[in-house]
Amino acid sequence: MEKLFKKTNVILTLLLVLSIILTVVTLPFASVSHKYFDIFGAYGIAENIKNMELNMTSVVYVKNDSGEWEEYHRIHGNENRLWVSIDKMPENLINAFIAIEDETFYDHSGVNWKRTLGAIGNWLFKFDAQQFGGSTITQQLIKNITSDNDRSATRKIREIVRALIIENRLNKTQILEAYLNTIALGNGICGVQVAANYYFNKDVSELDLSECATIAAITQNPSKYNPVTGLKENKTRRQAVLKKMTELGFITTKELLDTYDVKISIDNTQKEIFEGEVNNYFIDTLIEQVIEDLMEEYNCTEEVASGMVYNGGLKIYATVDPEIQGEMEKVYTNVNKYFPYNGSNLQGEKVHVQSAMTVTDYSGNILGIVGGAGEKTVNRGLNRAYSAPRQPGSTMKPLGVYALAIEKDLINYTSKVVDEPLPHYFADGKPGPNEWYGYYKGTITVDYAIRKSANTIPVILLQDLGVDESYNFLTQKLGLKHLVEADKNPSSLALGGCQYGVTTTESAAAYAVFGNGGIYYEPKTYSKILRTNGDTVLEKKDKGIRAVSEETATIMNRLLQGVVYGSEGTGGGIASYNRNMRAYAKTGTSSDSNDLWMVAGTPYYVGSVWYGFDKQQTIPSTSSAAVIWRDIMKAVHKDLEPKDFTYSENVYKKGVGYYKNGTSPDNYGTIMGENTETSSTASQVSASSQSTSSVTSKVSSSAPTQSTQSSVSTPHQNTTSEGTSTSAPTGTSEAKPPAEPETGVESSAASQTPSSAVTAPAGTESE
């Protein structure tokens, strides 16, 4: 065995010698042949070193009021690395590192042969493959930037060859600058600039001799010689640095004596900046999206993508509007005012109610996002706005049914529809879905059905559209990525009782379609990402897809304005956000008021708010989401010029409705369920009444051509306020109507009086 080990050592030594010879031979041709002789990727490493700029931490930029890009945030992981040019570093600092780490730095060609051969001899004759030494600053730099740090013979061969080539490609100043900016100096700190900030609350240029020696002393063992936790050990090592500097003539004997026993004062004021900085939710969302996009674009692992974000020195041009983000954070950290309700978590512990909100423009740019109520304490924790879908309730109705029905000319603005029980909606033969207002209204118009958030109407329309048509539209045209095959049913697609649901980010982007002429834009947190050398890493251009026609978008916009300003509209609570600008909106409430929603668009922005407990529990107030939307949007729009939406020229107004050119408001028959009794007045039939007729919808023969009807099986589900459905427990009957909601949200219609009528802004019509 011993003979075999000796033989292996000899072979490895020969390989080392051959590699060195090959390197030496090829070096004269390096300028013209490096593409063909890039041994161990050395030339690529050299180019990376040459291209290092400013910092290795990624920097996020935003546009200021002047339209210029300015720094917004720095992203760093376990290593916080800020770049500083060598001419900004004290001479004593440079000399301290050379003295203690590589006193022959200016004399060798990348390798200290005397020390290296001595280390190899030790390894050969002591049969200890783990014992190497003699690394130069150039070799240490290679380890710093490649993470190639295993203690093996093959790694040492790579390192030596790389060092020789890099010294041929770069000058000593370039190498030294890169080394001093990447060296590990404890507490996740890389580079002398961050070390000066962290340990002394100083810029590196301000360090005195003793402080320079203190930082240089850390390198040999960052854990042991950390001046915060190991000041005594650091002092011993610091004194060794000072003596070596004196020996080499870098400092005088007097300077040595003056600083040898100086007491070092550690000023750790900036500790939280470098160790405990908590990103806001926008930065968290940005990081998640960039990692996802890098993995897709470059077919790499999450680990590799994360490394690029945290350590790649990327320049990220973000979409966030700092003012909007700030206003959102003001509200979301005001727990006492906006989040007063308490519930319990899975462990039975008391927790306060939660919420999330996303604000976008009409090109898909995320301008502000908050993924939780209260003070944010961790990075990349639960982000309810981006990665935690919830049942959308009635906010699904315009997306899954009404927009598609108008697009296919199944209905128009004032089409007659019948709000009556649909027999066999529940698997046990009981009719449904239940109406949150407690009874069925008989024959009503589409605009009233949307304002009132009737449940039966979207279910009837879905029967004619087909669940596949609706599902494909939602997932392929509106970006609802959390829908699954199990959602192909009326409860999910028409009423929002989804298996998982949607996020506020998804719903804001989907509803933007009604304010921008029918174009869907994928929500994004950045426009482009560049490397330090200016090369493009990722780019997101404003390439939208047409979801619906401009005419359909205009009509839906007008219909949803009725939710805010029309008689009995469920979204009247937000009308006061700005009296000079219109808004379109839809509210949503899931079973037992577990999830509350307000999704609304203004001529400038779209905002989506979810409100509820992480563990599903009833929310005492149904106006909570509307209040959050209103207060944030009031602040955001305070100084904006009044304007209206842009509407299609191919839509005309007649009476109270809006219609596509070439169509007649009266050319549509009454849409209802088969074998139901139609009435021109509101039906006083209880929402829990039963019937035995068929579920299939029926439209009179005068209606426009419609898509092929598809039979849809209806699951056993309960439907409550605003039409959200969830699976009912075995043996339970249909859900009871909820208690009367508070003003400004869906209120009881028992009295048949408007609950939230709001005067429309001047110059606009009121429905």
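The values are calculated or read from the model by the stated rules, or taken from the named source; none is laboratory data. Keep in mind the model is a prediction, meaning the values are calculated, not measured. Cβ sites come from the backbone with ideal geometry, for glycine too, and all protein chains shown count toward neighbours.
General remarks:
- Within region 429-443, the set of residues being farther than 19 Å from THR589 by Cα and surrounded by fewer than 24 Cβ atoms within 10 Å (Cβ to Cβ) comprises GLY429, LYS430, GLY442, THR443.
- THR554 being β-branched (Val, Ile, Thr), part of a loop (DSSP other than H, G, I, E, B) and surrounded by 24 or more Cβ atoms within 10 Å (Cβ to Cβ): no
- Residues in region 260-290 that are assigned to a helix (DSSP H, G or I), buried (at least 18 other Cβ atoms within 10 Å of the Cβ) and modelled with pLDDT of 95 or more: TYR281, PHE282, ILE283, ASP284, THR285, LEU286, ILE287, GLN289, VAL290.
- Cβ-Cβ contacts under 8 Å between residues 6 or more apart (or on different chains), taken from a first residue in region 486-508 that is touching a residue at least 60 places away in the same chain (Cβ under 8 Å) and at positive phi to a second residue that is β-branched (Val, Ile, Thr) and assigned to a loop (DSSP other than H, G, I, E, B), are listed as GLY496/THR724.
- Selection count, region 499-515, where residues are in contact with a strand residue (DSSP E or B) (Cβ under 9 Å, 6 or more places away or on another chain), over 25 Å from ILE316 (Cβ atoms) and not aliphatic (A, V, I, L, M): 6
- Residue selected from region 237-259 under the condition among the polar types (S, T, N, Q) and surrounded by fewer than 12 Cβ atoms within 10 Å (Cβ to Cβ), by the criterion nearest to PHE97 (Cα to Cα): THR252
- Consider region 171-192 and keep the residues that are surrounded by fewer than 24 Cβ atoms within 10 Å (Cβ to Cβ) and over 21 Å from THR136 (Cβ atoms). The one that is modelled with the highest pLDDT is GLY186.
- The set of residues in region 445-468 that are of a type in the set (Val, Ile, Thr) and crowded, with 24+ Cβ neighbours inside 10 Å comprises VAL446, ILE450, THR456, ILE457, VAL459, ILE460.
- Residues of region 649-660 that turn out to be assigned to a loop (DSSP other than H, G, I, E, B) and either without any contact (Cβ under 8 Å) to a residue 60 or more places away in the chain or outside the structural domain of GLU420 (by TED's automatic domain parsing) (or both), as a count: 1
- Among the conditions (1) touching a residue at least 60 places away in the same chain (Cβ under 8 Å); (2) touching a strand residue (DSSP E or B) at 6+ places or on another chain (Cβ under 6 Å); (3) not acidic (Asp, Glu), THR646 misses just one, which is (2).
- Subset tally (residues that are among the hydrophobic types (A, V, I, L, M, F, W, C) and either over 14 Å from THR503 (Cα atoms) or outside the structural domain of GLU506 (by TED's automatic domain parsing) (or both)) for region 607-624: 2
- Hits in region 463-474 - residues which are in contact with a helix residue (DSSP H, G or I) (Cβ under 9 Å, 6 or more places away or on another chain) and over 15 Å from PRO421 (Cα atoms): ASP464, LEU465, VAL467, GLU469, SER470, TYR471, PHE473, LEU474
- Contact map, region 548-573: first residue over 17 Å from THR646 (Cβ atoms), second residue of a type in the set (Lys, Arg) and assigned to a loop (DSSP other than H, G, I, E, B), Cβ cut-off under 9 Å, separation 6 or more or different chains; pairs are VAL564/ARG582; TYR565/ARG582.
- Of residues in region 565-592 being part of a strand (DSSP E or B) and not charged (D, E, K, R), the one farthest from VAL502 (Cα to Cα): TYR584
- Members of region 193-203 found to be at pLDDT 90 or above and surrounded by 24 or more Cβ atoms within 10 Å (Cβ to Cβ), listed by number: ALA195, ALA196, TYR199
- Check on LYS376, under 28 Å from SER624 (Cβ atoms), surrounded by fewer than 24 Cβ atoms within 10 Å (Cβ to Cβ) and without any contact (Cβ under 8 Å) to a residue 12 or more places away in the chain: no
- Here VAL351 clears all of (1) assigned to a strand (DSSP E or B); (2) surrounded by fewer than 23 Cβ atoms within 10 Å (Cβ to Cβ); (3) within 20 Å of the chain's Cα centre (by Cα) except the condition numbered (3).
- The residue that is surrounded by the fewest Cβ atoms within 10 Å (Cβ to Cβ), counting only those in region 609-654 that are small (Gly, Ala, Ser) and closer than 17 Å to VAL353 by Cα, is SER621.
- TYR500 meets each of the listed conditions (1) buried (at least 22 other Cβ atoms within 10 Å of the Cβ); (2) part of a loop (DSSP other than H, G, I, E, B) apart from (1).
- Restricting region 218-236 to residues that are farther than 18 Å from CYS190 by Cα and out of contact with any Lys or Arg (no Cβ under 8 Å at 6 or more places or on another chain), the residue that is surrounded by the most Cβ atoms within 10 Å (Cβ to Cβ) is LYS235.
- Selection within region 543-570 - over 28 Å from GLN476 (Cβ atoms) and either of a type in the set (Asp, Glu) or in contact with a Ser or Thr (Cβ under 8 Å, 6 or more places away or on another chain) (or both): TYR565, GLY566, GLU568, GLY569, THR570
- Test: residue in region 582-589 that is in contact (Cβ under 8 Å) with a residue 60 or more places away in the chain, under 25 Å from GLU649 (Cβ atoms) and buried (at least 24 other Cβ atoms within 10 Å of the Cβ): yes
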